[in-house]
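Participant: Got a structure for you, questions after.
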Amino acid sequence: MLKEYRTISEISGPLMVVEKVGEAKFDELVEVELASGEVRRGKVLEAQQSSALVQLFEGTSGMDIAQAKVRFLGRVLEIGVSSDMLGRVFDGFGSPIDGGPRIVPEKRLDISGNPINPFARAYPSEFIQTGISTIDGMNPLVRGQKLPIFSGAGLPHAQMAAQVARQASVLGTGERFAVVFAAMGITFEEADYFIADFRRTGAIERAVLFMNLANDPTIERIATPRMALTVAEYLAFEKGIHVLVILTDMTNYCEALREVSAARKEVPGRRGYPGYLYTDLSQIYERAGRISGKDGSITQMPILTMPEDDRTHPIPDLTGYITEGQVILSRELHRAGIYPPVNVSVSLSRLKDKGIGPGKTREDHAGVMNQLYAAYSRGKEAKELAVILGEAALSQTERRFLKFAEAFESRYVRQGEHDNRTIEQTLNLGWELLSMLPRTELKRLKLEHIDKYMPKAGAAAGNS
Amino acid sequence: MKQGRIIKVSGPLVVADGMEAARMYDVVRVGQRGLIGEVIELRGDRASIQVYEETGGMGPGEVVVTTGQPLSVELGPGLMRSIYDGIQRPLDVIKDMSGDYIARGVEVPGLDRQAKWEFEPRVQVGQQVVAGDVIGVVQETTLVEHRIMVPPGVSGEVIEIRQATATVEEVVCRVRDGERIHDLTLMQRWPVRVGRPYANKMGPELPLVTGQRVIDAFFPIAKGGTACIPGPFGSGKTVVQHQLSKWADAEIIVFVGCGERGNEMTDVLLEFPHLEDPRTGQPLMDRTVLVANTSNMPVAAREASVYSGITIAEYFRDMGYDVALMADSTSRWAEALREMSGRLEEMPGEEGYPAYLGSRAADFYERAGRVISLGSDRRGGSLSVVGAVSPPGGDLSEPVTQATLRIVKVFWGLDDKLADRRHFPAINWLRSYSLYLDRIDGWLRQNVGQDWPEMRAEAMRILQKEDELQEIVRLVGVDALSREDRMTLETAKSVREDFLHQNAFDEIDTYTSLAKQRRMLGLILEFHHRAGEALANGASLDRLLALEVRDEIARAKSIPEGQPEGFDAIAGRIRDQVAAASAG
């Protein structure tokens, strides 16, 4: 029988202090029983000789000092995992909310996980075809990578993530694939979009969904991604499934973290976020990867909305330092009606070089990618110049680059939500666009590739 | 032994009382699991301890035992090819013991106790030795002869020495110092927070050749020098660091992955054994030691990792080697300092960093240098340190960058605008600097070419001129420029694209020798001069710019090493084609 304490001395924000406890351990799970009989959970943030500081996941509203009873459970926060979780919907704390039966756990796992030994990792090198040209052609995603989408309020990141989840699944023959989806503080409508899309395409059968919506307890969000990743690790490394984890929206997660930090009166780092934000985020993102000798993998696609579209804000900034690249959405392209509005120039996949080339995609992939980048950025410079000086001030060559940049946006970047391009289609489209430029300007391409892949003169004309 | 008791646990910080016996920076064992920690504050009998492992499940009342020893690393054969965590536990051994994830409380010595090494004596019985003298050698890898030295503080007469196949713990030599007899093994220990002693320090005179054109030609680092690479995410810090550890002409490389990505360490681990040292043809891993404390590993061990790394590096420097240490990234080290400082409730300095950030950074970088080692043969060795800095939002005014810039002599400023244009390495040529140019120019003149410093200066002038001209072009368009200025713009573009831009993933382009660098820049300047003369004589600019040979200059980077005739041929065609174009 666990001891019950009625010695709460202080409640403030999401935190409470319990006095006269002897055996509280750091990070221990805590249950609080309210006068009404409602039970809430929390964890120990600071264990002292005579007192414990506890963070409550479901908040402190309605709690009182006199009546509430506190129990220390002697274990850390865990989740029961099982293959039966596929196809099910849970709340942010891991309880089923889809009306289905309870999950009989095969195992109970600590949600904090342990760091993967770098020596045990296998380097991500298997190309994932997402069917989206701006990702496959320009910022290739590989299995075991963590590639976030940096978005802004009102941009179609949800559609894009759903498209990736839908289309990435079709690659590979006979390999098992699953999606683990964790929603943190997003609206009902956005969550509903994902669930509906997963249902319609049948993807729900191999998805595990964790839902902490905007009106759910804020502090619960700190646990949600860890729950999701613990399940993902179980599926990937014990059941051999390739798991894609979508975490949305990391901005809400960080805000919950800031709330706790402020309540603890910690010295803040930048913009009031705690100094350990980097470490905390890395403990989530670094759970992506592959382990040598294991079949499965965890690929992460976190989504975050940049406040004011500012990528130097601490959340995107620290995320970018941990993740292996970033896909940045552009409001300008979105306004111009281009979907997906990927800002190719500032997006980056750090693992691209290992995932492409002969035997993986095609020998010309690296060259085409680099040449498209260089040409697009030159075209955009020409565009800026044309805005100031007028198009007439541009040289003949610059004008061709300008035209190229426009065609690149309207044909390469733009594609339908259900347009699933193969990597060959994407690469050939790249060559077709490059044929608009003078051959002497194509310095990033190997001569033999130009001879082999460049569409012959005239072939490109008339296409649209 | 005297025991203390935990009275508070808050993340990586544990406070214990009953710790009268503890000294600052002593290593302690914390709790039932015996987690490793270090004393960082003492108040009466209370000690604040930073714990190098996760403290979840630990609570007040558990015991704390001090070991009476400062945090130390083991130095001896077996270091090469190793991958360690921040407190020198071999990650491969941890994997064998605890599986794919790093479990807590694992205790593993830094050096393998079973491995046997062929010890070849270099001194004889009766000989007098002093600290630093080499008593014998072990061929540790194909690339590294591990010199076994008399540890600091020991000297006297050799009374016994044997050629042996020995483990690191077996005694191979005995030295009598008056009444005392010292047993010497292949291994010694050294506390990580104390620099290893040397006889004297000297100014750097030789360049550390890296094969990276923008670095070697414009902003070189000297052997024994310090450099920093600040840059926002995605600007290519890690690729530059990896390139340096692959190609720098140091004999030993220590790579410290401090709070960075797990996959990056795996990349190094998997790639280095397959890469050949360009000078010897042996695997690069044979000269490399890795210290990996990834971002999700415990934060206190991250703080220790740079010290573990630099102590290992100093040990090889003492043997007389040129050692290069890469730390990626020192910002994560500073953040670990900040986190511990916050938990100690110290008064914060700028942006929450502790007020002692600057002095700690200076202590670290000052451990670099070219030295004469202890020992009677006065060997020289060097330790060069390259630290990556990850300024939040790319803002160089932040405390870690500023603290670093006050100390280091070379600044490679990465620029996200260049990175966005896929110009790599994205080192900004207008902002970066090297304070070693004057010191090493003598060597460069002798070994690369008498005119090399002048060529570098001319190319730099052209790049600076380009920046000024671009201002004008942005305002009034390129037509407003004179023909000479337009030529300058074209040459600057050629310097940028055909010389500074270097593809780390291309087989040939990844490394360029100094000789080839001079030829490449030589072609660009040759064209610039000849075309400039032709212009002055009234030739058409458009015709000059349309010459086919310009394309060949651009592709000169793919001429393999050791084929100067390729360059000679292009130089010949420059002369011919420019002459033809000006003739009419």
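The values are calculated or read from the model by the stated rules, or taken from the named source; none is laboratory data. Computed from a predicted structure; not experimentally measured. Glycine gets a Cβ as well: all are built from the backbone with ideal geometry, and neighbour counts include every protein chain shown. What goes into the accessible areas is simple: the full protein's heavy atoms, side chains included, and nothing from ligands, DNA or RNA. Shrake-Rupley method; radii C 1.70, N 1.55, O 1.52, S 1.80 Å.
Participant: Can you tell me how many residues within segment A:20-51 are over 16 Å from A:Arg75 (Cα atoms), away from every other protein chain (no Cβ under 13 Å) and open to solvent by 50 Å² or more (accessible area, probe 1.4 Å)?
Facilitator: 4
Participant: Further question: If we only count strands (runs of 3 or more DSSP E) wholly inside segment B:265-375, which ones have 1 or more residues that are open to solvent by 10 Å² or more (accessible area, probe 1.4 Å)?
Facilitator: Because the criterion is at least 1 residues that are open to solvent by 10 Å² or more (accessible area, probe 1.4 Å), the strands (runs of 3 or more DSSP E) in segment B:265-375 that meet it are B:322-328, B:369-372.
Participant: Something else now. Specify which of the listed residues (B:Gly224, B:Gly234) is in contact with an Asp or Glu (Cβ under 9 Å, 6 or more places away or on another chain), within 14 Å of chain A (Cβ to nearest Cβ), part of a loop (DSSP other than H, G, I, E, B) and on the phi > 0 side of the Ramachandran plot. Step through it out loud before you land on a result.
Facilitator: Working: B:Gly224 fails: within 14 Å of chain A (Cβ to nearest Cβ).
Exactly one of B:Gly224, B:Gly234 is in contact with an Asp or Glu (Cβ under 9 Å, 6 or more places away or on another chain), within 14 Å of chain A (Cβ to nearest Cβ), part of a loop (DSSP other than H, G, I, E, B) and on the phi > 0 side of the Ramachandran plot, namely B:Gly234.
Participant: Is it the case, given these coordinates, that A:Tyr339 is within 13 Å of chain B (Cβ to nearest Cβ) and aromatic (Phe, Trp, Tyr)? Can you show your working first?
Facilitator: Values: within 13 Å of chain B (Cβ to nearest Cβ): no; aromatic (Phe, Trp, Tyr): yes.
Spelling it out, it is not the case that A:Tyr339 is within 13 Å of chain B (Cβ to nearest Cβ) and aromatic (Phe, Trp, Tyr).
Residue by residue, here is whether (1) farther than 17 Å from A:Val245 by Cβ; (2) not aliphatic (A, V, I, L, M) holds:
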{"residue": "A:Glu286", "(1), (2)": "no, yes"}
{"residue": "A:Ile291", "(1), (2)": "no, no"}
{"residue": "A:Ile298", "(1), (2)": "no, no"}
{"residue": "A:Asp317", "(1), (2)": "yes, yes"}
{"residue": "A:Ile322", "(1), (2)": "no, no"}
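Participant: Given the criterion within 30 Å of B:Leu414 (Cβ to Cβ), among the hydrophobic types (A, V, I, L, M, F, W, C) and exposed (fewer than 14 other Cβ atoms within 10 Å of the Cβ), identify the matching residue among B:Ile553, B:Ile508, B:Ile524.
Facilitator: Values: B:Ile553 fails: exposed (fewer than 14 other Cβ atoms within 10 Å of the Cβ); B:Ile524 fails: exposed (fewer than 14 other Cβ atoms within 10 Å of the Cβ).
None of the others qualify; the one that does is B:Ile508.
Participant: Now for a different question. Does at least one position in segment B:90-108 carry a residue that is under 23 Å from B:Ser295 (Cβ atoms), open to solvent by 40 Å² or more (accessible area, probe 1.4 Å) and part of a strand (DSSP E or B)?
Facilitator: yes
Participant: Which one of these is open to solvent by less than 10 Å² (accessible area, probe 1.4 Å), facing another protein chain (nearest Cβ under 10 Å) and assigned to a strand (DSSP E or B): B:Val14, B:Val73, B:Val64? Break it down into steps so the answer makes sense when it comes.
Facilitator: Details: B:Val73 fails: facing another protein chain (nearest Cβ under 10 Å); B:Val64 fails: facing another protein chain (nearest Cβ under 10 Å).
Of B:Val14, B:Val73, B:Val64, the one residue that is open to solvent by less than 10 Å² (accessible area, probe 1.4 Å), facing another protein chain (nearest Cβ under 10 Å) and assigned to a strand (DSSP E or B) is B:Val14.
Participant: Please determine, by comparing only the residues of segment A:438-460 that are more than 14 Å from chain B (Cβ to nearest Cβ) and surrounded by 14 or more Cβ atoms within 10 Å (Cβ to Cβ), which one is nearest to A:Ile128 (Cα to Cα).
Facilitator: We begin by selecting, within segment A:438-460, every residue more than 14 Å from chain B (Cβ to nearest Cβ); these are A:451-460.
Remaining after also requiring surrounded by 14 or more Cβ atoms within 10 Å (Cβ to Cβ): A:453-455, A:460.
Working: A:Tyr453: 23, A:Met454: 25, A:Pro455: 26, A:Ala460: 29 Å.
Result: A:Tyr453.
Participant: Report yes if B:Glu157 is surrounded by fewer than 23 Cβ atoms within 10 Å (Cβ to Cβ) and assigned to a strand (DSSP E or B), otherwise no. Full working, then the answer.
Facilitator: On the way: surrounded by fewer than 23 Cβ atoms within 10 Å (Cβ to Cβ): yes; assigned to a strand (DSSP E or B): yes.
Yes; evaluated as a whole, the condition is true for this residue.
Participant: Can I ask one more? Out of all the residues in segment A:94-101, is one or more in contact (Cβ under 8 Å) with a residue 12 or more places away in the chain and under 23 Å from A:Lys239 (Cβ atoms)?
Facilitator: So the first thing to find is which residues in segment A:94-101 are in contact (Cβ under 8 Å) with a residue 12 or more places away in the chain, and the list is A:94, A:97, A:100.
Applying the additional criterion that residues be under 23 Å from A:Lys239 (Cβ atoms) yields A:94, A:100.
Within segment A:94-101, one or more residues are in contact (Cβ under 8 Å) with a residue 12 or more places away in the chain and under 23 Å from A:Lys239 (Cβ atoms).
Participant: Pick from segment A:270-295 the residues that are in a helix (DSSP H, G or I) and open to solvent by less than 10 Å² (accessible area, probe 1.4 Å): which of them is nearest to the other protein chains (Cβ to nearest Cβ)?
Facilitator: A:Ser282
Matching residues to (1) out of contact with any Lys or Arg (no Cβ under 6 Å at 6 or more places or on another chain); (2) assigned to a loop (DSSP other than H, G, I, E, B); (3) not hydrophobic (A, V, I, L, M, F, W, C):
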| residue | (1), (2), (3) |
| --- | --- |
| B:Asp509 | no, yes, yes |
| B:Arg519 | yes, no, yes |
| B:Leu525 | yes, no, no |
| B:Leu544 | yes, no, no |
| B:Lys557 | yes, no, yes |
| B:Pro560 | yes, yes, yes |
| B:Asp568 | yes, no, yes |
| B:Gly572 | yes, no, yes |
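Participant: Ok, one more. For B:Gly56, state whether it is within 11 Å of chain A (Cβ to nearest Cβ) and either open to solvent by 10 Å² or more (accessible area, probe 1.4 Å) or closer than 26 Å to B:Glu314 by Cβ (or both).
Facilitator: On the way: within 11 Å of chain A (Cβ to nearest Cβ): yes; either open to solvent by 10 Å² or more (accessible area, probe 1.4 Å) or closer than 26 Å to B:Glu314 by Cβ (or both): yes.
Yes; evaluated as a whole, the condition is true for this residue.
Participant: Follow-up question, since we're still on this one. Only one of B:Glu471, B:Glu484, B:Glu466 is closer than 30 Å to A:Glu391 by Cβ and either open to solvent by less than 50 Å² (accessible area, probe 1.4 Å) or of a type in the set (Phe, Trp, Tyr) (or both); which? Let's see the steps before the verdict.
Facilitator: Details: B:Glu471 fails: either open to solvent by less than 50 Å² (accessible area, probe 1.4 Å) or of a type in the set (Phe, Trp, Tyr) (or both); B:Glu484 fails: either open to solvent by less than 50 Å² (accessible area, probe 1.4 Å) or of a type in the set (Phe, Trp, Tyr) (or both).
Sole residue among the options that is closer than 30 Å to A:Glu391 by Cβ and either open to solvent by less than 50 Å² (accessible area, probe 1.4 Å) or of a type in the set (Phe, Trp, Tyr) (or both): B:Glu466.
Participant: Looking at the structure I just gave you, is B:Leu396 within 14 Å of chain A (Cβ to nearest Cβ), in a loop (DSSP other than H, G, I, E, B), at pLDDT 90 or above and open to solvent by 20 Å² or more (accessible area, probe 1.4 Å)?
Facilitator: Working: within 14 Å of chain A (Cβ to nearest Cβ): yes; in a loop (DSSP other than H, G, I, E, B): yes; at pLDDT 90 or above: yes; open to solvent by 20 Å² or more (accessible area, probe 1.4 Å): yes.
So B:Leu396 fits the description; yes.
Participant: Out of B:Ala515, B:Ala539, report the one residue that is at pLDDT 90 or above, in a helix (DSSP H, G or I) and more than 14 Å from chain A (Cβ to nearest Cβ).
Facilitator: Values: B:Ala539 fails: in a helix (DSSP H, G or I).
It is B:Ala515.
Participant: Also: Identify, by number, the condition in (1) under 23 Å from A:Leu213 (Cβ atoms); (2) open to solvent by 50 Å² or more (accessible area, probe 1.4 Å); (3) not in a strand (DSSP E or B) that A:Leu2 doesn't meet.
Facilitator: The one condition A:Leu2 does not meet is (1).
Participant: Within 14 Å of chain B (Cβ to nearest Cβ), part of a strand (DSSP E or B), out of contact with any helix residue (DSSP H, G or I) (no Cβ under 7 Å at 6 or more places or on another chain) and of a type in the set (Val, Ile, Thr): which single residue out of A:Val70, A:Val54 fits that description? Walk me through how you get there before you give the answer.
Facilitator: Working: A:Val70 fails: within 14 Å of chain B (Cβ to nearest Cβ).
Among A:Val70, A:Val54, only A:Val54 is within 14 Å of chain B (Cβ to nearest Cβ), part of a strand (DSSP E or B), out of contact with any helix residue (DSSP H, G or I) (no Cβ under 7 Å at 6 or more places or on another chain) and of a type in the set (Val, Ile, Thr).
Participant: Of the numbered conditions (1) aromatic (Phe, Trp, Tyr); (2) more than 30 Å from A:Phe408 (Cα to Cα); (3) free of Cβ contacts under 8 Å to residues at least 60 places away in the same chain; (4) more than 14 Å from chain B (Cβ to nearest Cβ), A:Phe119 satisfies every one except a single condition; which is it?
Facilitator: The failed condition is (4).
Participant: Can you work out which of the residues in segment A:252-269 that are within 13 Å of chain B (Cβ to nearest Cβ) and either open to solvent by less than 70 Å² (accessible area, probe 1.4 Å) or among the aliphatic types (A, V, I, L, M) (or both) is farthest from A:Gly185 (Cα to Cα)? Even if it seems obvious, please write down each step before you answer.
Facilitator: We begin by selecting, within segment A:252-269, every residue within 13 Å of chain B (Cβ to nearest Cβ); these are A:260-261, A:264-269.
Adding the requirement that they be either open to solvent by less than 70 Å² (accessible area, probe 1.4 Å) or among the aliphatic types (A, V, I, L, M) (or both) leaves A:260-261, A:264, A:266-269.
Numbers: A:Val260: 16, A:Ser261: 18, A:Arg264: 22, A:Glu266: 24, A:Val267: 26, A:Pro268: 23, A:Gly269: 23 Å.
The qualifying residue farthest from A:Gly185 (Cα to Cα) is A:Val267.
Participant: Just for segment A:342-377: of the residues that are open to solvent by 50 Å² or more (accessible area, probe 1.4 Å) and over 25 Å from the mean Cα position of the chain (by Cα), which one is farthest from the other protein chains (Cβ to nearest Cβ)?
Facilitator: Among those that are open to solvent by 50 Å² or more (accessible area, probe 1.4 Å) and over 25 Å from the mean Cα position of the chain (by Cα), it is A:Gly359.
Participant: Need the failing condition index for B:Trp412 against (1) surrounded by fewer than 18 Cβ atoms within 10 Å (Cβ to Cβ); (2) in contact with a Cys (Cβ under 9 Å, 6 or more places away or on another chain), just the number.
Facilitator: Here B:Trp412 clears every test but (1).
Participant: Considering every residue within segment A:296-308, establish whether at least one is open to solvent by 10 Å² or more (accessible area, probe 1.4 Å), in contact with an Asp or Glu (Cβ under 6 Å, 6 or more places away or on another chain), under 23 Å from A:Asp136 (Cα atoms) and away from chain B (no Cβ under 12 Å).
Facilitator: Within segment A:296-308, one or more residues are open to solvent by 10 Å² or more (accessible area, probe 1.4 Å), in contact with an Asp or Glu (Cβ under 6 Å, 6 or more places away or on another chain), under 23 Å from A:Asp136 (Cα atoms) and away from chain B (no Cβ under 12 Å).
Participant: Tell me, yes or no, whether segment B:380-388 has at least one residue that is modelled with pLDDT of 95 or more, under 14 Å from B:Ile229 (Cα atoms), assigned to a helix (DSSP H, G or I) and more than 14 Å from chain A (Cβ to nearest Cβ).
Facilitator: Checked segment B:380-388: no residue is modelled with pLDDT of 95 or more, under 14 Å from B:Ile229 (Cα atoms), assigned to a helix (DSSP H, G or I) and more than 14 Å from chain A (Cβ to nearest Cβ).
Participant: Now for a separate question. Could you check, for segment A:75-98, whether at least one of its residues is of a type in the set (A, V, I, L, M, F, W, C) and within 14 Å of chain B (Cβ to nearest Cβ)? Give the steps one after another, and end with the answer.
Facilitator: Let us first name the residues in segment A:75-98 that are of a type in the set (A, V, I, L, M, F, W, C), namely A:76-77, A:79, A:81, A:85-86, A:89-90, A:93, A:97.
So of that shortlist, the ones also within 14 Å of chain B (Cβ to nearest Cβ) come out as A:76-77.
Yes, some residue in segment A:75-98 is of a type in the set (A, V, I, L, M, F, W, C) and within 14 Å of chain B (Cβ to nearest Cβ).
Participant: Which helices (runs of 4 or more DSSP H) sit wholly inside segment A:347-448 and have at least 3 residues that are more than 30 Å from B:Arg486 (Cα to Cα)?
Facilitator: So the answer is A:352-355, A:423-434.
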